[in-house]
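Undergrad: Can you keep this structure in mind? I'll have questions shortly.
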Amino acid sequence: MKSNTEKLFLGARIRKLRRQLGLTQGQLAKDLEISPSYVNLIEANQRPLSANLLIKLATIYDFNVSDLSEVGSGQLVSELFSLLKDPTLEIKNFSKLDVEEVVNASPEIARSFVTLYMKYRSLMLSSYSGQNQLQDRDNLEILEQSTKSVENLRIFFTEKKNYFSEIDEAAEALSQELRLQTGIPNAALSDRLKQKHNIRVRIVPHETMPDRLSFFDPHRGSLNLSELMPISSQRFQMAMHLALLEQGGLIDEEIKNCGYEDLDTIRLIRISLANYYAAAVLMPYQRFLLSCEQSQYDIELLSHRFGTSYEQTAHRLTTLQRPDARGIPFFFVRVDTAGNISKRFSAGKFHFSSFGGTCPLWSIHSCFDTPEQIQPQIIAMPDGMTYFSIARTVQRNSGIYTQPTLRYAIGLACDISHASRLIYSNHFDLENLQPTPIGTNCYLCERENCAARAHAPINSKLSYSERERNISLFRFYNDRNK
């Protein structure tokens, strides 16, 4: 099990903080009652920052310890590590630790490099489109633009650590005002829309909206919800529209400083923040976090208690990052039966790549064989990082004969150090871990003799032999066996 006394090498961030405070190394050393040479060693990452020293630093200079912990840095390390494997860059013999040192030293430069690489990929794609006469370039441009807005949204939420304090607190206040914990949420939310905004909620037949699940008609003052929507989704839609009607200014204030100007990105962020508010209304922070801790994060129990769907509840778990009351930092991903990832959010570090799918050895794929049953799993990445994972299938909406129900898999993962707080770990021996070795994806994973391998690593050379047949379909050379 990973130790809770993990050494913290935060040299670049300590140096940045010291400069922001206008202090010399000598002045900082005097305040912390240590030698200037020791400060120099800390900033050079030659000495770790002890927990006691970190607390003393935060107390003296009155800042939140979490400010030194970049939640998005784990994702940035993963992205940078992945793209550096591109053979066109001709970068060899580097490790995950090398990349972590680069990100810790200058996250801004690392992020800029990732952005530059993404633009390079876009140009290569456009170039290919121009050379391929069979390619529909108009459709390609639309695809690139839509992908860009989704990527911008992901970056925005990551930089905000997947937590928006003012929106969360406003939602919690509304939940208390409507007494959702003791009343009937559907009635309370629909009454709010009617009495304060003169909007009537209507449950309409499928034939009336065959291609829609919800439609807000401001001219007629009605919010139409399809009869195919489960009650939890109906509640969510009502809360989401209350966000747009009552907290539009608060949402716009969050968007104002997001740094994006294209309308698609702004619209997507606006909708996502309204959804964030809706989840916080139905699962108000303090009451929800308390229930999480009391139930050992039993997602199905929490869903029953708050009248929310499994997916809504699992997604809410990634947002419990209030500085003075944090939950477990989860990573969330949604996958369809073809392995396509349609949604992902993170409140903590997780090895996830933007370039390709997920590892088939992760139980998020096999859980389709056991619908609506939770599959816990301990997984280990090639660099030794270990996580506790929970996977389960969900149905998006109630299906009918002409429109069968679609199933998705929801995956949650957290660092193994938090596993003891989860009810799903009760049957695991956390002192004697036996994790399933997985990779980010086949293109980036260098594990040899993996029966599930679909591709050779992109930076490795394939090897062929007439004399043997390995477990894996692909035999390759890597830097260790060249």
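Undergrad: Of (1) exposed (fewer than 14 other Cβ atoms within 10 Å of the Cβ); (2) modelled with pLDDT of 85 or more, I378 satisfies all except one. Which?
TA: Tallying (1) exposed (fewer than 14 other Cβ atoms within 10 Å of the Cβ); (2) modelled with pLDDT of 85 or more, I378 fails exactly one: (1).
Undergrad: Mind checking which residues of the stretch 1-31 are buried (at least 16 other Cβ atoms within 10 Å of the Cβ) and modelled with pLDDT of 80 or more?
TA: Selection gives I14, R15, L17, R18, L23, Q25, L28, A29.
Undergrad: Next question, about the same structure. Does S127 fit the bill of being of a type in the set (G, A, S), more than 21 Å from the chain's Cα centre (by Cα) and at pLDDT below 90? If you could, list the steps in order and put the result at the bottom.
TA: On the way: of a type in the set (G, A, S): yes; more than 21 Å from the chain's Cα centre (by Cα): yes; at pLDDT below 90: yes.
Yes, satisfied.
Undergrad: For residues that are of a type in the set (K, R) and in a helix (DSSP H, G or I), scanning just the stretch 10-55, find the one that is nearest to P107 (Cα to Cα).
TA: Here is the first cut: in the stretch 10-55, the residues of a type in the set (K, R) are 13, 15-16, 18-19, 30, 47.
Restricting the remaining residues to those that are in a helix (DSSP H, G or I) gives 13, 15-16, 18-19, 30.
Working: R13: 10, R15: 13, K16: 11, R18: 17, R19: 16, K30: 28 Å.
Applying the filter and picking the extreme gives R13.
Undergrad: Just to be sure, is Q176 in a helix (DSSP H, G or I), surrounded by fewer than 16 Cβ atoms within 10 Å (Cβ to Cβ), modelled with pLDDT of 60 or more and polar (S, T, N, Q)? Working first, answer last.
TA: On the way: in a helix (DSSP H, G or I): yes; surrounded by fewer than 16 Cβ atoms within 10 Å (Cβ to Cβ): yes; modelled with pLDDT of 60 or more: yes; polar (S, T, N, Q): yes.
When the stated conditions are applied, Q176 passes them.
Undergrad: Checking the condition more than 18 Å from T313 (Cα to Cα) and outside the structural domain of E372 (by TED's automatic domain parsing), which residue from E300, E253 passes? Explain how you work it out, then say what you get.
TA: On the way: E300 fails: more than 18 Å from T313 (Cα to Cα).
From the options E300, E253, the qualifying one is E253.
Undergrad: Six or more apart or on different chains, Cβ atoms under 6 Å: show the pairs whose first residue is in the stretch 285-311 and crowded, with 16+ Cβ neighbours inside 10 Å and whose second is part of a loop (DSSP other than H, G, I, E, B).
TA: L289/L320; L289/G327; C292/G327; Y297/L422; L301/S295; F306/M283
Undergrad: Follow-up. Take the conditions among the hydrophobic types (A, V, I, L, M, F, W, C) and either within 19 Å of L263 (Cα to Cα) or modelled with pLDDT of 75 or more (or both) and apply them to L134. Does it pass?
TA: On the way: among the hydrophobic types (A, V, I, L, M, F, W, C): yes; either within 19 Å of L263 (Cα to Cα) or modelled with pLDDT of 75 or more (or both): no.
It is false that L134 is among the hydrophobic types (A, V, I, L, M, F, W, C) and either within 19 Å of L263 (Cα to Cα) or modelled with pLDDT of 75 or more (or both).
The values are calculated or read from the model by the stated rules, or taken from the named source; none is laboratory data. All of these numbers come straight from a predicted model, not from anything done at the bench. Please note: Cβ atoms are built from the backbone with ideal geometry, for glycine as well, and neighbour counts cover all protein chains shown.
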